[in-house]
Amino acid sequence: MINGLRVKQAREIRKLTQSELADKLGVHQSVIGKMETDVREWPDDLIRRIAIQTGFPVSFFEQGFGPEFPLGSLLFRCRASLPANEKTRLRQLAILEFELTERLSSKIKPIELRIPSFKGESPSDAARITRTTLGLGPDTPIPHLLNKLERNGIFVFAVPNADDRFDAFSLWSDTEPRRPVMIVNSSKPGDRLRYNCAHELGHLVLHRSPRGNLDELEKEAQSFASEFLLPAEAIQSELSNPLTLTEIAKLKPRWGVSIQALVVRSHELGLLTDRQYRYMFEQISKLGWRKHEPANLDIKPERPRLFRKLAEIASGVPPDAKKIAAVLNLPVRMVEEMLAVHAGKSDLPPSAKGELSKVIVSGSPKPGTVLEFRNKSN
Amino acid sequence: MNTKPEKPEEIRVWLAAACNSAYEGLLVGALKVQEYFEHESADVDRPLAANLARYHAKHYMLTRRRFNAPYLIAQPPNNGIEIRQDWCSVKVLKGRDGNAPTASSSLRSQRFYRQALQPRLRGIDWAKVWERADWRTFIRNSFHLNLILCWETDFDYNISRMQLMCPRESGKYGEGVKVFWKVDIPHPVQGLIGLESVDEAHELEDLAVYFEDASEQGDDD
C-alpha cells in the first residue's frame with residue numbers, strides 16, 4: 001500500500017510541482033493528484049520511478065501517516081520574497097525531523113514542558129512572566145537561549161540548506177500531548193537567531209491558536225521578544241545620554257542581540273529621539289550593517305541539540321546516519337544533513353560532555369546499541 | 001626611537017583611543033548640526049555647521065575623556081581640536097574629497113604641515129631636511145610627528161569619511177595637501193574588541209535526558 005501523503009511529502013521536499021513530477025514520470029498530472037489523496041496499491045514500476053525521481057526509498061512511501069503541521073497554524077518569520085515552494089519544503093523537512101524525534105524518544109521520558117500560556121496579557125507582561133517561569137532573572141541577559149528553550153520542553157529544530165530569506169517558524173504540534181515546536185535557520189548570525197527564537201517563543205506563549213490580524217500577531221511577538229531579551233528597566237539603566245552608536249553597540253555581546261535591535265529598543269524606551277533614531281539607522285545603512293554587522297561583535301550562533309542528542313543515544317557518537325535514516329526510511333544523505341545542522345556532543349564545552357555518557361551508562365541500553373523505536377502501523 | 005610605531009597602520013592603532021574619541025565626538029556634533037538646522041527649518045550653513053560640529057565634538061571629547069587616557073586634548077582658538085599623544089600632534093580638520101585643507105598663511109601652520117615643528121637645533125632647517133626624505137627616513141629621524149585627522153560629511157551632514165593623514169607639505173590652494181600617507185579610520189564600533197559575549201560568560205549544560213525505566217539521571221535544572 002502506498003501512502004499518498006508520503007509521496008506528497010517527498011515531492012514537496014524536492015520542490016517539485018505535481019505537473020513537474022508527472023512530466024518526469026511520463027504520466028498525467030492527475031495521476032499524481034489522485035495518488036497523493038489516497039492510500040492504495042499502485043504499480044510497482046511507477047513507485048520505483050517516483051523513488052528514483054525523489055531520492056526517497058520505496059519503503060518510505062509504504063509507511064503510515066506522520067504528524068501534521070497544519071498550514072494555518074504556522075507563523076512564518078521570513079522575508080516576503082521567500083518562495084512558496086521553499087516554505088513548503090521547510091515545513092515538510094521539519095515534519096520529518098519532528099517525526100524522527102518522536103520515534104527516537106519513545107524510550108525517553110518526555111522533557112517536562114515549562115512554558116506558560118497567556119490570554120489577554122500584554123506581550124511585555126507575558127515576557128516578564130515567561131522569564132520567571134523559565135527560571136531567568138528579571139533583568140539579566142539570557143545565555144544559551146536555545147538550550148534554555150529545549151530544557152523547558154520546546155522542540156527546536158534546524159533545517160538543512162535553508163534559504164537565507166527564512167528566519168524561523170513555530171507551532172503547537174497536533175500530537176498528544178501537544179508540544180511546542182520551533183524551526184530555525186541556524187545559518188543566521190547568532191544575534192539574529194536568538195531574536196528569532198525569542199520572537200517565536202512569543203508566538204508560542206501568546207498565540208497558541210493563532211487568530212486575528214497577522215500583522216497584529218507579528219507586532220505582539222516582536223514586543224514580546226524585545227522585552228524578553230532586553231528588559232526595559234535593565235536597558236534603561238545601562239544606557240545614558242548622549243547615546244552614540246558605539247555606546248549602544250557595546251551592549252551587543254553582553255545581551256546577545258543585534259545593534260539594530262538595540263537601537264530599536266532604545267527608541268521604544270524613549271532613550272533616543274526620532275532624529276537620533278533616524279541618524280543611527282543612516283549610519284548603520286551607510287556602513288552596510290543592515291545585513292552584516294561588524295565582525296568584531298559577532299555572536300556565535302547556537303544550534304539546537306535535542307535531535308542530534310537522541311540520535312547519539314540511539315546510535316553512538318558521532319551518530320550513525322544510516323541507522324537513524326532507517327527509522328523512517330529516509331535517504332541517508334538527508335539525515336546526514338539534518339544531523340549536521342544540530343549541535344553534537346563535540347560542540348559542547350568539556351564540562352558538558354560527560355552528560356551523554358552518563359545517560360547511556362546508567363540507562364538500560366549498552367553504549368552503541370540501537371534502541372528499539374516506536375513504529376507506527378503502516 | 002626603536003619602540004615608536006613606524007608603519008601608518010601601526011600609528012593608527014597606537015592612536016586609536018584618541019581617534020575614536022574624536023570620531024565619536026564628531027558623530028555627536030554632526031547630529032547636533034542636523035538637529036539645529038532642522039529646528040531652524042533652514043538649509044545647512046556649511047561654515048556654521050563645521051563650527052557647531054567641532055564645538056560639540058570637543059565638548060564630548062573633554063567630558064568623556066578618561067583620566068588615564070593616553071592623549072591630551074588641546075584647545076586652539078576658533079573651536080579647533082588638537083590631540084597630543086606622546087611625540088605626536090593630531091589636528092582635527094574638516095576635509096573634502098579625500099583631501100585635507102591646505103595650511104593657513106601662518107608660519108606655525110605651514111611648519112606643522114612641513115613637519116618642521118621639531119626641537120630647535122642650530123643650523124638645521126627641518127623643513128629643508130625633510131624635503132627629499134622618504135617616509136622611513138623621516139620617521140626614524142624625527143623627534144615629533146604631526147598628523148591630520150581629516151573628517152568629511154555628506155550633503156545631509158552625516159560623517160562620510162574619516163582619515164588619518166601624515167602631511168608633507170601644504171601645497172597651494174586648490175592643489176591639495178601633499179602627504180606621506182593616509183589611512184582610513186574605521187567607525188569606533190569596529191574597534192570594540194574583547195567584550196565578553198552572553199554565552200561565553202556562562203557554562204553550557206547539555207540537555208538532560210531520562211530513560212523511562214531508569215531512576216533520576218542526567219542533570220537537573
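Of the residues that sit in the stretch A:230-244 and are part of a loop (DSSP other than H, G, I, E, B) and more than 12 Å from chain B (Cβ to nearest Cβ), which one is surrounded by the most Cβ atoms within 10 Å (Cβ to Cβ)?
So the first thing to find is which residues in the stretch A:230-244 are part of a loop (DSSP other than H, G, I, E, B), and the list is A:230-231, A:239-244.
Filter once more, so that each one left must be more than 12 Å from chain B (Cβ to nearest Cβ): A:231, A:239.
Details: A:Pro231: 24, A:Leu239: 18.
Filtering first and then ranking leaves A:Pro231.
In the list A:Glu218, A:Glu247, which residue meets the criterion of being out of contact with any Leu (no Cβ under 6 Å at 6 or more places or on another chain), more than 13 Å from chain B (Cβ to nearest Cβ) and either of a type in the set (Lys, Arg) or in a helix (DSSP H, G or I) (or both)?
On the way: A:Glu247 fails: more than 13 Å from chain B (Cβ to nearest Cβ).
Result of the check over A:Glu218, A:Glu247: A:Glu218.
Among (1) buried (at least 22 other Cβ atoms within 10 Å of the Cβ); (2) within 13 Å of chain B (Cβ to nearest Cβ); (3) more than 15 Å from the chain's Cα centre (by Cα); (4) not hydroxyl-bearing (Ser, Thr, Tyr), there is one condition A:Ile111 misses while meeting the rest; what is its number?
Condition (1) is where A:Ile111 drops out.
Do we have any residue at all in the stretch B:112-127 that's within 29 Å of B:Asn20 (Cα to Cα) and within 14 Å of another protein chain (Cβ to nearest Cβ)?
The answer is no, given that none of the residues of the stretch B:112-127 is within 29 Å of B:Asn20 (Cα to Cα) and within 14 Å of another protein chain (Cβ to nearest Cβ).
For the stretch B:72-95, state whether one or more residues are hydrophobic (A, V, I, L, M, F, W, C), at pLDDT below 90 and assigned to a loop (DSSP other than H, G, I, E, B).
No: zero hits.
Looking only at residues that are surrounded by fewer than 18 Cβ atoms within 10 Å (Cβ to Cβ) and over 22 Å from A:Arg333 (Cα atoms) in the stretch A:1-17, which one is farthest from the chain's Cα centre (by Cα)?
In this case the residue turns out to be A:Met1.
Conditions: (1) closer than 17 Å to B:Cys150 by Cα; (2) surrounded by fewer than 18 Cβ atoms within 10 Å (Cβ to Cβ). B:Ile81 meets all but one. Number of the miss?
Result: B:Ile81 passes all but (2).
If you go through the stretch B:104-127, how many residues are of a type in the set (A, V, I, L, M) and not in a helix (DSSP H, G or I)?
Pass one, the stretch B:104-127, residues of a type in the set (A, V, I, L, M): B:107, B:116-117, B:121, B:124, B:127.
Checking the rest, the ones that are also not in a helix (DSSP H, G or I) come to B:116-117, B:121, B:124.
Adding up the residues that qualify gives 4.
Among the residues of the stretch A:250-293, count how many are within 9 Å of chain B (Cβ to nearest Cβ), of a type in the set (Asp, Glu) and within 20 Å of A:Tyr195 (Cα to Cα).
Residues meeting the conditions: 1.
Being within 15 Å of the chain's Cα centre (by Cα), assigned to a helix (DSSP H, G or I) and touching a residue at least 60 places away in the same chain (Cβ under 8 Å): is that true of A:Asn147 here? Please lay out each step first, then the result.
Details: within 15 Å of the chain's Cα centre (by Cα): yes; assigned to a helix (DSSP H, G or I): yes; touching a residue at least 60 places away in the same chain (Cβ under 8 Å): yes.
Yes.
How about the stretch B:1-28: which of its residues are acidic (Asp, Glu) and closer than 18 Å to B:Ser89 by Cβ? Break it down into steps so the answer makes sense when it comes.
The first filter runs over the stretch B:1-28 and keeps only residues acidic (Asp, Glu), leaving B:6, B:9-10, B:24.
Answer for the stretch B:1-28, where residues must be acidic (Asp, Glu) and closer than 18 Å to B:Ser89 by Cβ: B:Glu6, B:Glu10.
Please specify each residue of the stretch A:172-226 satisfying the condition of being crowded, with 24+ Cβ neighbours inside 10 Å and either among the charged types (D, E, K, R) or in contact with a Cys (Cβ under 6 Å, 6 or more places away or on another chain) (or both).
A:Asp191, A:Arg194, A:Glu200
Looking for whichever is of a type outside the set (Lys, Arg), surrounded by fewer than 18 Cβ atoms within 10 Å (Cβ to Cβ) and in contact (Cβ under 8 Å) with a residue 24 or more places away in the chain here; the options are A:Thr101, A:Thr37, A:Thr54. Which one fits? Can you show your working first?
Values: A:Thr101 fails: surrounded by fewer than 18 Cβ atoms within 10 Å (Cβ to Cβ); A:Thr54 fails: surrounded by fewer than 18 Cβ atoms within 10 Å (Cβ to Cβ).
Going through A:Thr101, A:Thr37, A:Thr54 in turn, just one is of a type outside the set (Lys, Arg), surrounded by fewer than 18 Cβ atoms within 10 Å (Cβ to Cβ) and in contact (Cβ under 8 Å) with a residue 24 or more places away in the chain: A:Thr37.
Does A:Gln92 satisfy the criteria of being touching a helix residue (DSSP H, G or I) at 6+ places or on another chain (Cβ under 6 Å), closer than 26 Å to A:Ile313 by Cβ and part of a helix (DSSP H, G or I)?
Numbers: touching a helix residue (DSSP H, G or I) at 6+ places or on another chain (Cβ under 6 Å): yes; closer than 26 Å to A:Ile313 by Cβ: yes; part of a helix (DSSP H, G or I): yes.
Judged against the criteria, A:Gln92 is a match.
Among the acidic types (Asp, Glu), farther than 27 Å from A:Arg179 by Cβ and under 28 Å from the mean Cα position of the chain (by Cα) - does that describe any residue in the stretch A:289-298?
Quick first cut of the stretch A:289-298, residues among the acidic types (Asp, Glu) only: A:293, A:298.
Narrowing further to those that are farther than 27 Å from A:Arg179 by Cβ: A:293, A:298.
From the residues that got through so far, the ones that are under 28 Å from the mean Cα position of the chain (by Cα) too are A:293, A:298.
The answer is yes, given that some residue of the stretch A:289-298 is among the acidic types (Asp, Glu), farther than 27 Å from A:Arg179 by Cβ and under 28 Å from the mean Cα position of the chain (by Cα).
Within the stretch A:294-331, can you find the residues that are of a type in the set (A, V, I, L, M, F, W, C) and within 7 Å of chain B (Cβ to nearest Cβ)? Please lay out each step first, then the result.
Looking only at the stretch A:294-331, we keep the residues that are of a type in the set (A, V, I, L, M, F, W, C), and these are A:295, A:297, A:299, A:306-307, A:310-311, A:313-314, A:317, A:321, A:324-328, A:330.
A:Leu297, A:Ile299, A:Leu306, A:Ile313, listed by residue number.
Mind counting the residues in the stretch A:151-166 that are acidic (Asp, Glu) and surrounded by 23 or more Cβ atoms within 10 Å (Cβ to Cβ)?
Taking the stretch A:151-166 first, the residues acidic (Asp, Glu) are A:163-164.
From what's left, surrounded by 23 or more Cβ atoms within 10 Å (Cβ to Cβ): none.
Within the stretch A:151-166, residues that are acidic (Asp, Glu) and surrounded by 23 or more Cβ atoms within 10 Å (Cβ to Cβ) number 0.
Identify all residues within the stretch B:47-71 that are part of a helix (DSSP H, G or I) and out of contact with any strand residue (DSSP E or B) (no Cβ under 9 Å at 6 or more places or on another chain); write none if there are none.
Quick first cut of the stretch B:47-71, residues part of a helix (DSSP H, G or I) only: B:47-64.
Across the stretch B:47-71, the qualifying residues are B:Pro47, B:Leu48, B:Asn51, B:Leu52, B:Tyr55, B:His56, B:His59, B:Tyr60, B:Thr63, B:Arg64.
Scan the stretch B:1-33 for residues that are within 13 Å of chain A (Cβ to nearest Cβ) and either among the acidic types (Asp, Glu) or in contact with an Asp or Glu (Cβ under 7 Å, 6 or more places away or on another chain) (or both) and report the count.
Residues in the stretch B:1-33 being within 13 Å of chain A (Cβ to nearest Cβ) and either among the acidic types (Asp, Glu) or in contact with an Asp or Glu (Cβ under 7 Å, 6 or more places away or on another chain) (or both): 1 in total.
Spot the failing condition for A:Thr133; the list is (1) within 14 Å of chain B (Cβ to nearest Cβ); (2) in contact (Cβ under 8 Å) with a residue 24 or more places away in the chain, and only one is missed.
It fails just one condition, (2).
Filter the stretch A:140-184 down to the residues that are away from chain B (no Cβ under 14 Å) and of a type in the set (D, E, K, R), then identify the one that is nearest to A:Glu218 (Cα to Cα).
The initial filter retains those residues of the stretch A:140-184 that are away from chain B (no Cβ under 14 Å), namely A:158-184.
Among the residues that remain, those that are also of a type in the set (D, E, K, R) are: A:163-165, A:167, A:174, A:176, A:178-179.
Values: A:Asp163: 21, A:Asp164: 20, A:Arg165: 17, A:Asp167: 13, A:Asp174: 22, A:Glu176: 27, A:Arg178: 22, A:Arg179: 21 Å.
In this case the residue turns out to be A:Asp167.
Test of understanding: among B:Glu212, B:Glu205, B:Glu131, which residue is of a type in the set (Asp, Glu) and over 30 Å from A:Ser105 (Cβ atoms)?
Numbers: B:Glu212 fails: over 30 Å from A:Ser105 (Cβ atoms); B:Glu205 fails: over 30 Å from A:Ser105 (Cβ atoms).
Going through B:Glu212, B:Glu205, B:Glu131 in turn, the sole match is B:Glu131.
Could you check, for the stretch A:215-223, whether at least one of its residues is over 30 Å from B:His39 (Cβ atoms) and hydrophobic (A, V, I, L, M, F, W, C)?
Applying the first criterion (over 30 Å from B:His39 (Cβ atoms)) to the stretch A:215-223 yields A:215-223.
Pick out the ones that are also hydrophobic (A, V, I, L, M, F, W, C) and you get A:217, A:221.
There is at least one residue in the stretch A:215-223 that is over 30 Å from B:His39 (Cβ atoms) and hydrophobic (A, V, I, L, M, F, W, C).
Every residue in the stretch B:131-151 that is within 26 Å of B:Arg96 (Cα to Cα) and buried (at least 17 other Cβ atoms within 10 Å of the Cβ), please.
Answer for the stretch B:131-151, where residues must be within 26 Å of B:Arg96 (Cα to Cα) and buried (at least 17 other Cβ atoms within 10 Å of the Cβ): B:Leu145, B:Asn146, B:Leu147, B:Ile148, B:Leu149, B:Cys150, B:Trp151.
The values are calculated or read from the model by the stated rules, or taken from the named source; none is laboratory data. Here the structure is a predicted model, which means the values were calculated and not measured. Ideal geometry is used to build each Cβ from the backbone, glycine not excepted, and the neighbour counts take in all protein chains shown.
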